[in-house]
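Single-structure report; data block below.
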Amino acid sequence: MTVPQTLPGYRVLLVEDEYFIAMELADLFRRRGADVVGPVPSVDEALDLIAANARLDGAVLDINLHGEMAYPVADMLVARKVPFVFATGYDRETLPPRFAQARFCNKPVVVEQVVQALLG
């Protein structure tokens, strides 16, 4: 599948606690025409944004957000059938079994690869 170069109207949630990664991801999605929700650096803020947004088309999640695991965010996205990718320094094997099939990118991330993983 070819990943589109433009994403007009695509609403993507960014959950990342590393400022420069968050800004780089947000910039790439915005340059492609996507509507960026966030970025936010915490589970509580991410859950609030999910609840406040009736439509999300995708999400990028760091697993460890200042020592708090983002699994409740992933659970909420799964419940709403929102595709997401984990962009993390953790190994895939550390994921709980319920996320065994989740899309995954290892850090250090290449933002283009994160986009491809989410949309591909």
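The values are calculated or read from the model by the stated rules, or taken from the named source; none is laboratory data. None of these values were measured; they are calculated from a predicted model. Glycine gets a Cβ as well: all are built from the backbone with ideal geometry, and neighbour counts include every protein chain shown. Ligands, DNA and RNA are excluded from the accessible area calculation, which covers all protein heavy atoms including side chains. Shrake-Rupley method; radii C 1.70, N 1.55, O 1.52, S 1.80 Å.
Sorted from largest to smallest, which semi-axis lengths in Å does the alpha carbon gyration tensor of the stretch 15-120 give for its equivalent ellipsoid, taking the root of 5 times each eigenvalue? Display every interim value, and only then the final one.
Details: eigenvalues 63, 53, 38 Å².
Value: 18, 16, 14 Å, ordered largest first.
Just the accessible area per residue of the chain, please: how many Å² with a 1.4 Å probe? Can you show the working numbers first?
Numbers: 6120 Å² over 120 residues.
Dividing the accessible area of the chain by its residue count gives 51 Å².
Calculate the spin-label point distance for Asn106 paired with Met69, positioning each point 7 Å from the Cα along the beta-carbon direction, and give it in nanometres.
If labels sit at Met69 and Asn106, their model points lie 2.1 nm apart.
Suppose accessible area is computed on protein heavy atoms with a 1.4 Å probe; arrange Lys81, Lys107 from highest to lowest.
On the way: Lys81 170, Lys107 45 Å².
Listed by decreasing accessible area, they come as Lys81, Lys107.
In a shell of Cβ-Cβ distance under 9 Å around Asp62, excluding Asp62 itself, what net charge do Lys and Arg (+1) and Asp and Glu (-1) give?
Details: positive: Lys107; negative: Glu16, Asp17, Glu18.
Overall, the nearby charge balance is -2.
Could you tell me the accessible area of Asp57 in Å² (1.4 Å probe, neighbours in place), rounded to the nearest ten?
About 40 Å², rounded to the nearest 10.
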